[in-house]
Amino acid sequence: MKKRSTSEVGHAKNVTNFTALIELLEEMGPLYNPSNPDIQLTNLVVLRDQLTTSIQNLADQTPPFKIAVANRENAFKPLNKLSTRIKNSFNSLRQTKAENDNVLSIVKKIRGDAPVPKAEKLDKEESKTISTAQLSYTSRATNFQSLVSLLSAYRNYTPNEPDLTLTHLGDLYAQLKNFNNEAEKKGYALITARKQRNDLLYFNPVNLLGIVLPIKEYIKSVEGGDPYYKAAIALHFKTIP
């Protein structure tokens, strides 16, 4: 079984401990009565509910993204070998070296010299990773379109192999574009969902991590609150964005 990343476990642990902290405050009853609205129980419950919603939204966005990425990868996987076959088929037409080199130049761009970054990696650099992968696939699809356009300029490019014909290659480009657009759409939705979750946890003016210490300090100030304070400080929170 694939392990969840340390950061993802940490985010979940922060939310779990925050929920436990709210339950502790509810148990305190009238003893917990802070004047600071940021740490009043009603507002903490609202934050907890917002976090619950954002976490569910993130969970809902992740599988469609992974499916879209897998579909795109599978669609692009045969492209390198196919491009080489196209080049060889074109070379058999006995065009000039310059014309053969034009085709070869585009084929090299399609194949690329470096591996396409995998967008499934979801960590701190996820926005950069997803965007880089998107640009790589977009570039390959665009270069493939350029290759098809170049081939269409040669009336004698009429291969007998069905998968090398201009009609098939045009259809393939449309499919690649659609798979790439879908992965892009799902990837950006995932970035938004994760940002919304992280804002509630760490970055909003009132965020989970920022109010935990004031909550504990208030409990410490309450007469008779020592048992609750000891329980509260046992709940640990970490910065992991």
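Some points to look at:
- Asp101 vs. criteria loosely packed, with under 15 Cβ neighbours inside 10 Å and at pLDDT 90 or above: yes
- Whenever a residue of the range 190-202 is under 15 Å from Ala68 (Cβ atoms), its partners that are open to solvent by less than 20 Å² (accessible area, probe 1.4 Å) and part of a helix (DSSP H, G or I), lying with C-beta atoms within less than 6 angstrom and at least six residues away or across chains, give the pairs Leu190/Phe65; Ala193/Leu58.
- Val15 vs. criteria of a type in the set (Val, Ile, Thr) and loosely packed, with under 15 Cβ neighbours inside 10 Å: no
- Checked against (1) part of a helix (DSSP H, G or I); (2) closer than 26 Å to Glu23 by Cα, Leu176 meets all criteria but (2).
- Within the range 63-86, the residues that satisfy the criterion of being over 19 Å from Asp171 (Cβ atoms) and crowded, with 19+ Cβ neighbours inside 10 Å are Phe65, Ala68, Val69.
- Here the range 182-216 is the region considered, the condition is being open to solvent by 30 Å² or more (accessible area, probe 1.4 Å) and either out of contact with any helix residue (DSSP H, G or I) (no Cβ under 9 Å at 6 or more places or on another chain) or not in a helix (DSSP H, G or I) (or both), and the residue that is farthest from Ile110 (Cα to Cα) is Leu213.
The values are calculated or read from the model by the stated rules, or taken from the named source; none is laboratory data. The model shown is predicted, which means the values in this text are computed figures rather than measured ones. Cβ sites come from the backbone with ideal geometry, for glycine too, and all protein chains shown count toward neighbours. In case anyone asks, the SASA skips ligands and DNA or RNA and just uses the protein heavy atoms, side chains included. Shrake-Rupley method; radii C 1.70, N 1.55, O 1.52, S 1.80 Å.
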